[in-house]
Every structure is written in C-alpha cells, then in structure tokens.
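Chemist: Take this structure, written in structure tokens, and hold onto it; I'll ask about it next.
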Amino acid sequence: MKKYNFNAGPSILPEFTIQETVKAIQNLNGSGFSLMEISHRSKDFEAILAETITLFKELLQIPDGYSLLFLGGGASLQFCMIPYNFLNTKAAYLNTGVWASKALKEAKFFGETVEVATSKDKNFNYIPKGYVVPADADYFHITTNNTIYGTEIHTDIDSKVPLIADMSSDILSRTMDVSKYALIYGGAQKNLGPAGVTFVIIKNELLKSQKKQIPSILDYKQHIENDSMYNTPPCVPIYACLQTLKWIKNLGGVAELEKINIKKAQILYDEIDRNKIFKGTAVKEDRSLMNVCFVMSEPFAALEDEFMEFTKKKGVVGIKGHRSVGGFRASIYNAMPIEGVQVLVDAMKEFEKLKV
Ligand SMILES: *Cc1c(COP(=O)(O)O)cnc(C)c1O
C-alpha cells in the first residue's frame, strides 16, 4: 500500500528529490566522491549553488536587485537576524499565530515593536484586515502561511514601508510579485527540501538601512558579499532543494504547480464542507492551500482516534492537528500528489457512511 505523508514539517518531498539526492550522496557526478565529503569551495559544489540560485530566481521570477542566500539556523534565526539588521526606530508585526508571535518576541530584544493587529482572540483562525502600519516603521513583518492554523495571506499586499515575509510553508506554491517585498525567508523543510537550510531573498536596497556594527555571521551584508559562503553552507540540503526546483521546472513551473495546489485544496475543503462529520477551523476566505485544518463536528467529537486509525489503514500518515488547534491538519504541500488528497477524501466519505 502506498503511504502519503501529510506531516507539517519536515514533510513530503518529491520522489525525484529523494532519489537524485541519494545518488549524489553515493557518488556525485561520477566523481567517486560523496556530496557529503566534497569541499564547498570545489568546482562541483560552486556549480550546484550557482544553479540553485539561478533556477530559484527563474521559477519565482525574482527581479534584478535582489540577492538569494542559503543559510543555516532555520526560519527561527531570521526572527532574530531581521531586527538585528534592520530595526533602527521601530518595527511593525502582524500577529497571525505562533510563528509570527515568535518573530515579534525576538524583535523586542532589538528595539520598539508595534503589533499592528492580531487574530489571537479567535485562536488565529483568520487573517486580520483593516489594520494600519505606522508610516515610520523600519519594516512590516508578516507570516504569509500560518502552518499551525491553516490560514494564508493569498495576495502580495501593498506596503509603504519595506515588507518582510516569513514564507516557510508556502514558498513556490503560487506565482507571486517578489518586487513588493524587501525580504522573504523560510526554512526549506516544508516546500523545498530537508531541514537544515534557510532561503533568504533580499532586496539589495534594504541593506542601506543597516546602520549597526553587528557580528559577521548575523550580518546579511557579509553573507551577500561572500555569495552565501561566509561559512560552510549546508551542502546536502542545498543539493536537495536544487532537485525540487528541477522537479518544479519539469512540471511546468510555479504557475502549473499553483493550479494543482488550488485543485488539491478545493477537493479537500469541498469534502470538509459537505461531510456531516467534519468542519473546517479557519474562516473560509483565509483558508490555506497548504495546511488544511479541520475538526469533528460536535456529535462526532469522540471519534477522532478512530478516524485517525481508519485513515492510517488507507495509507494516510501525519494528519494529527497541532495541539493548540486539535483535530486534524492535512499538510498538502507542493510535493503532495492529487492522488494522496483523493485517498484522504475517500476515507472521509467512507467513514461518514459508517457513522451517520
Ligand atoms: C516551520 C515554520 C517556522 C520554523 O522554522 P525553523 O526552520 O524550524 O526555524 C517558522 N515559520 C513558519 C511559518 C513555519 O511554518
């Protein structure tokens, strides 16, 4: 039986990514050496990094004037690096969940912060709207996809101050206008590759607002000047990301992937709305295309464990919801095929027949 990995992160990767990375770990380009043991300064690795950057820029249509970095430390290190580099007067944050709150918490170490809005009152089940960002803020920080609650900002918002976005869990899931952002970052382990590498897309102009003397390893300028090789980059995760990018290109690019993502989410949300046993937790207009959160409706609340066991027998793995929301969360990232979603939906239908 084929198993489908619905885990939230680390999460499903294309079979292609896994196979190609395994080959390179055993023997890179027929060199007789493993990807794990070659120098990051070798011609082989320099070519890998250069191709990763070129392909990422091509697929996401990153305009000129932006740098692309692959760093360590996860998205969580960016929570600290961003204010360390760019918070001079005050920084504005939109608080849409645990990750956004963590980003805000780190910023407070470096200066004044403004929480422009929060959806905490409803356990983050919606994206606040109609807030005002102070015109004198150094930047405005948003989390485009809230992995735990299944809410997502679906459009590239206009911001008068530099816009900074954590896109850990929806990068490359839709076409976007990168030019509206000053900085985009995320851990690779949801939509791109294994854990251990963080992508940072940064508008070079933003660097002009960096006025402080700060430690080199936390300084974006140092990383850019050294072409992402200020220190040893995570070579194996970067190689795996490159394979995922190739997989996306073969599929027809991000626009094609977006169509599939919309279709996948629609199949699942339609079933959640139709099925008497389940109900969605996020407000409809803000529903995420990547993390689909749902619970059992009142009369069936005691059947959670039974449903989990039932789906497991069909090959569905990892749909337990985050403890702060409960119920279920099906993460249907880029690499999840439509068949996987269909297996889950069929199980939901079958379970309803048994219980209603
Ligand atoms: C998973 C996740 C993070 C944390 O990433 P790390 O790489 O573990 O630091 C941050 N933000 C969002 C939106 C996430 O989904």
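The values are calculated or read from the model by the stated rules, or taken from the named source; none is laboratory data. This one's a predicted model, so the numbers in the text were calculated from it and none came from an experiment. Virtual Cβ from ideal backbone geometry, glycine too; neighbours counted across all protein chains shown.
Chemist: Here is a list of conditions, (1) closer than 21 Å to Ile338 by Cα; (2) within 19 Å of the chain's Cα centre (by Cα), and Ile267 meets all of them except one; can you say which number that is?
Modeler: The failed condition is (2).
Chemist: Quick check on this structure: which one of Asp177, Asp170, Asp156 is over 20 Å from Phe79 (Cα atoms), of a type in the set (D, E, K, R), crowded, with 16+ Cβ neighbours inside 10 Å and modelled with pLDDT of 95 or more?
Modeler: Working: Asp177 fails: crowded, with 16+ Cβ neighbours inside 10 Å; Asp170 fails: over 20 Å from Phe79 (Cα atoms).
Within the list Asp177, Asp170, Asp156, the selection yields Asp156.
Chemist: Among the residues that make up segment 311-322, is at least one of them surrounded by fewer than 20 Cβ atoms within 10 Å (Cβ to Cβ) and farther than 23 Å from Lys2 by Cβ? Talk me through it step by step, then tell me what you get.
Modeler: Going residue by residue through segment 311-322, those that are surrounded by fewer than 20 Cβ atoms within 10 Å (Cβ to Cβ) are 312-315, 317-318, 320, 322.
Of the ones still in play, those that are also farther than 23 Å from Lys2 by Cβ are 322.
Yes, segment 311-322 has at least one match.
Chemist: Do any helices (runs of 4 or more DSSP H) entirely within segment 30-110 hold 2 or more residues that are within 15 Å of the ligand (Cβ to nearest atom), and if so, which? It would help to see each step written out before you state the result.
Modeler: Values: elements: 43-60, 74-86, 98-107.
Once the helices (runs of 4 or more DSSP H) in segment 30-110 are filtered for at least 2 residues that are within 15 Å of the ligand (Cβ to nearest atom), what remains is 74-86, 98-107.
Chemist: From the list Met348, Met290, Met336, exactly one residue is surrounded by 14 or more Cβ atoms within 10 Å (Cβ to Cβ), farther than 25 Å from Ile153 by Cα and modelled with pLDDT of 95 or more. Which is it? So that I can check it myself, show each step before the final result.
Modeler: Numbers: Met290 fails: farther than 25 Å from Ile153 by Cα; Met336 fails: farther than 25 Å from Ile153 by Cα.
Result: Met348 is the single residue among Met348, Met290, Met336 that is surrounded by 14 or more Cβ atoms within 10 Å (Cβ to Cβ), farther than 25 Å from Ile153 by Cα and modelled with pLDDT of 95 or more.
Chemist: Next up: Would you pick out the residues in segment 155-170 that are free of Cβ contacts under 8 Å to residues at least 40 places away in the same chain and either assigned to a helix (DSSP H, G or I) or within 15 Å of the ligand (Cβ to nearest atom) (or both)?
Modeler: Filtering segment 155-170 for residues free of Cβ contacts under 8 Å to residues at least 40 places away in the same chain gives 155-160, 163, 165, 167.
Residues satisfying the conditions are Ala165, Met167.
Chemist: Do the conditions hold for Ile148, that is, is it more than 30 Å from Thr17 (Cβ to Cβ), in contact (Cβ under 8 Å) with a residue 40 or more places away in the chain, aliphatic (A, V, I, L, M) and surrounded by 19 or more Cβ atoms within 10 Å (Cβ to Cβ)?
Modeler: Values: more than 30 Å from Thr17 (Cβ to Cβ): no; in contact (Cβ under 8 Å) with a residue 40 or more places away in the chain: yes; aliphatic (A, V, I, L, M): yes; surrounded by 19 or more Cβ atoms within 10 Å (Cβ to Cβ): yes.
Criteria not met by Ile148.
Chemist: Quick one: Ser228 ticks every box in (1) within 16 Å of the ligand (Cβ to nearest atom); (2) small (Gly, Ala, Ser); (3) buried (at least 16 other Cβ atoms within 10 Å of the Cβ) bar one, so which box is it?
Modeler: Of everything listed in (1) within 16 Å of the ligand (Cβ to nearest atom); (2) small (Gly, Ala, Ser); (3) buried (at least 16 other Cβ atoms within 10 Å of the Cβ), Ser228 misses just condition (1).
Chemist: Same structure again: Filter segment 181-213 for residues that are β-branched (Val, Ile, Thr) and part of a loop (DSSP other than H, G, I, E, B) and give the result.
Modeler: Of all residues in segment 181-213, those β-branched (Val, Ile, Thr) come to 184, 197-198, 200-202.
Of everything in segment 181-213, just one residue is β-branched (Val, Ile, Thr) and part of a loop (DSSP other than H, G, I, E, B), namely Val197.
Chemist: While we're looking at this one, here's another question. Output the qualifying pairs, or none if there are none: Cβ atoms under 7 angstrom, residues six or more apart or on different chains, first residue in segment 59-84 and at positive phi, second residue of a type outside the set (A, V, I, L, M, F, W, C).
Modeler: Gly65/Lys203; Gly65/Asn204; Gly65/Glu205; Gly73/Thr198; Gly74/Gly187; Gly74/Thr198
Chemist: Still on this structure, please answer the following. Does Tyr131 satisfy the condition of being of a type in the set (Ser, Thr, Tyr), within 22 Å of Ser169 (Cα to Cα) and away from the ligand (no atom under 16 Å from the Cβ)?
Modeler: Numbers: of a type in the set (Ser, Thr, Tyr): yes; within 22 Å of Ser169 (Cα to Cα): no; away from the ligand (no atom under 16 Å from the Cβ): yes.
No.
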